[in-house]
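Data first, discussion second: the structure below is written as structure tokens.
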Amino acid sequence: VEMSAQKNVAWKTAVPYGFSSPVIAGSRIFLTGVENETLLTIALDRTTGKILWRKEAPRPRREEMHKPNTPANPSAASDGESVFVFFGDFGLLAYGMDGEERWRLPLGPFNNQNGHGSSPIVAGDVVVLICDQDTNSYVIAVDKKSGRVRWKVDRPGITRGYGTPGVWRNQIIAPGAYELTSYDLKTGEKLWWVGGMAWQVKGVPLIEGGTVYMNAWESGGDFETPPQVDPWDVALAKYDADKDGRLSPQEISKVIHGFGDYDLNKDGFLDRAEWEAYIRLRGATNNLVAIRPEGKGDLTSKVLWRYRKSLPNVPSPVLYGGALFLIKDGGLLTTLDPKTGQVLKQGRVQGGIDQYWASPVAADGKVYLLSQGCKLSVLKAQPQWEVMQVNDLGTDLDGECFATPAIADRGIYVRTRGWLYCFRLRP
């Protein structure tokens, strides 16, 4: 319950800058980072925190990057025999547990103005990665032993996103702009989809008891009634002053703010496809959705429930102690009934009022919330949650926490801007 730089620290290790979360497999902990413009994969000993190896990835380009992003945001994935990492400035790489490179697969460059955030996952004998961007989005499955592409499926109409896929039976469940989509794990065939999602998705599907829960929030998606937008032909007749069949920033300056968000191919104009994407964006809705991943085709009408208020921006929910826990910026914590979506309790985590990027994690009858300012709140994991302790780690742990903590070995692993901490009760 209580943690600080002096209390219940099993070990701490200086690590390079980056926001990827610690990933535990076997006797190793894996992180990615960036140091002096170099992209790194790092393995640490799980017991002592000692760095066992560091491997440099090629960096042939520099992605455009949103301020809170880093070139090392996607987290690693491991099956206990290999570790797989993705950098938007290069692509996918695989290493053995001893650090020997097994294969590399260059990908990109990508047209995503905020930089990438999607993490790879291991599903059966493939590594799966979502590569969503403003143009030419796709999902790819790669043989985990050879790096050979098993299948690659285009995602037409889906623009920039930062979601990580989930797995249910033989399905890859892939979040994306406007819809949640299922693909056959073996072939990449599109199986089903659910519409009515937000236009930028950052989280990972939560799958429990045959139900998929997916949170998606982005600014502009909270309208009860989405604003009406003229069809392309009407907009062209209204605003195309020079009659060149496209719309410039000057022609629609009073209609659209943030022109660059809608100029998907970055040519300085909007064409029909981009205007239709703008219409879709303006109609996007923020929600946490619960569905049964069964059947084929459009399952939008078969959604179990939707919840639309007080949603997190980046953190995914956790289901524990009979409730879904959602943490929103400002320290607003909501618990929902997983069967109905009804609010069970909502309130501010006093002492933890801050921005949140890390997802909640849970164990031992407790839920842990880690804020950007490294305030680590410990709650009783029950629908009518109670705050047990708020550990203000910010001063001690160099002030910034973006990565989701990992829990193992009766301890919790917390990454800050420059350190990886293992907190554990001493015997």
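The values are calculated or read from the model by the stated rules, or taken from the named source; none is laboratory data. Quick caveat: nothing in here was measured; it's all calculated off a predicted structure. We place every Cβ from the backbone using ideal geometry, glycine too, and count neighbours over all the protein chains shown. Accessible surface areas use protein heavy atoms only, side chains included; no ligands, DNA or RNA. Shrake-Rupley method; radii C 1.70, N 1.55, O 1.52, S 1.80 Å.
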* **Tail fraction, Cα-Cα pairs, segment 167-227, threshold 14 Å, whole percent** => 57 percent
* Within segment 377-427, which trypsin sites (Lys or Arg not before Pro) sit in a loop by DSSP and count at most 13 neighbouring Cβ atoms inside 10 Å? -> Arg410
* Amide H neighbours of Asn391 under 5 Å, at least 5 residues apart or on other chains, H built in the peptide plane: list them. => Leu376, Ser377, Val378
* **Alpha carbon Rg of the chain, scaled by the compact-globule rule 2.2 N^0.38 Å** => 0.99
* Farthest toward the dipole's positive end in segment 153-236, which of Gln228, Trp217, Pro175, given Cβ charges of +1 (Lys, Arg) and -1 (Asp, Glu) about the Cα centre? -> Pro175
* Highest GNM mean-square fluctuation, the chain, Cα pairs closer than 10 Å: which of Pro165, Pro293, Pro60? -> Pro60
* Modelled label-to-label distance, Asp329 and Arg426, 7 Å Cα→beta-carbon offset: nm? -> 4.1 nm
* Structure fact -> By the Kirkwood definition, with r running over pairs of different Cα atoms, segment 1-151 has a hydrodynamic radius in Å of 16.0 Å
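Can you figure out the FRET efficiency of Met388 with Ser4, using R₀ = 22 Å and their beta-carbon distance, to the nearest 0.05?
Efficiency, from the Cβ-Cβ distance: 0.90.
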* Point-to-point label distance, Arg61-Phe269, nm (Cα→Cβ direction, 7 Å offset) -> 2.4 nm
* **Local electrostatic count at Asp132 - Lys and Arg +1, Asp and Glu -1, tallied over other residues with Cβ under 12 Å** => 0
* Structure fact -> Note: segment 282-392, point scatterers on Cα, Debye, no solvent; log10 I/I(0) at q = 0.23 Å⁻¹ equals -1.25
* **Heavy-atom surface of the chain, accessible at 1.4 Å and reported per residue (Å²)** => 41 Å²
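Computing the accessible area with a 1.4 Å probe over protein heavy atoms, can you report the carbon and sulfur percentage for segment 229-307?
Using a 1.4 Å probe with all protein chains present, segment 229-307 comes out at 52 percent carbon and sulfur.
Could you check how much of the accessible area of segment 66-172 is carbon and sulfur, as a whole percent, using a 1.4 Å probe? Don't skip to the answer; put the middle values down first.
Values: 1710 of 3680 Å².
Answer for segment 66-172: carbon and sulfur cover 46 percent of the accessible area.
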* **Amide hydrogen neighbours beyond the local backbone of Gly373, cut-off 5 Å, H modeled** => Gln355, Cys401
* Semi-axis lengths (Å, descending) of the ellipsoid that matches the C-alpha gyration tensor of segment 345-386 -> 17, 12, 8
* Can you list residues whose amide H is under 5 Å from Arg102's amide H, if they're 5+ apart or on another chain and H is modeled 1.01 Å from N? -> Ala94, Tyr95, Gly96
* To do: Give me the angle, in degrees from 0 to 90, between the Cα long axis of helix 272-282 and the longest principal axis of the Cα atoms of the chain, rounded to the nearest 10.
  => 50 degrees
* To do: State the cysteines of the chain left without a partner when partners are defined as other cysteines whose beta carbon lies under 4.7 Å away.
  => Cys131, Cys422
* List the GluC sites (Glu not before Pro) within segment 40-122 that fall in a DSSP loop (any state other than H, G, I, E or B) and whose Cβ has at most 11 other Cβ atoms within 10 Å. => Glu100
* Taking the Cβ-Cβ separation of Thr135 and Val343 as r and a Förster radius of 41 Å, what is the calculated FRET efficiency to the nearest 0.05? -> 0.60
* To do: In debye, nearest 20, what is the charge dipole magnitude of segment 289-373 about its Cα centre with +1 on Lys and Arg Cβ and -1 on Asp and Glu Cβ, if you could check?
  => 300 debye
* To do: At 7 Å along the Cα-to-beta-carbon direction for both Ala241 and Gln350, put a label point, then send me their distance in nm to one decimal.
  => 5.7 nm
* Where the centre of each part is set by its Cα atoms, how far does segment 156-173 sit from segment 238-267, in angstrom? -> 31 Å
* When each pair of different Cα atoms in segment 1-81 is counted once in the 1/r mean, what is the Kirkwood radius in angstroms, to one decimal? -> 14.0 Å
* Asked: What is the gain in length, in nm to one decimal, between Ser27 and Asp364 on full extension, counting 0.36 nm per residue of separation less the C-alpha to C-alpha distance?
  -> 119.1 nm
* According to the square roots a ≥ b ≥ c of the eigenvalues of the Cα gyration tensor, what is the shape class of segment 198-350, taking rounded for a/c under 1.5, prolate for a/b larger than b/c otherwise, and oblate for the remainder? -> prolate
* Which of the trypsin sites (Lys or Arg not before Pro) across segment 92-196 are loop residues per DSSP, with 16 or fewer other Cβ within 10 Å? -> Lys145, Arg148, Arg169, Lys186
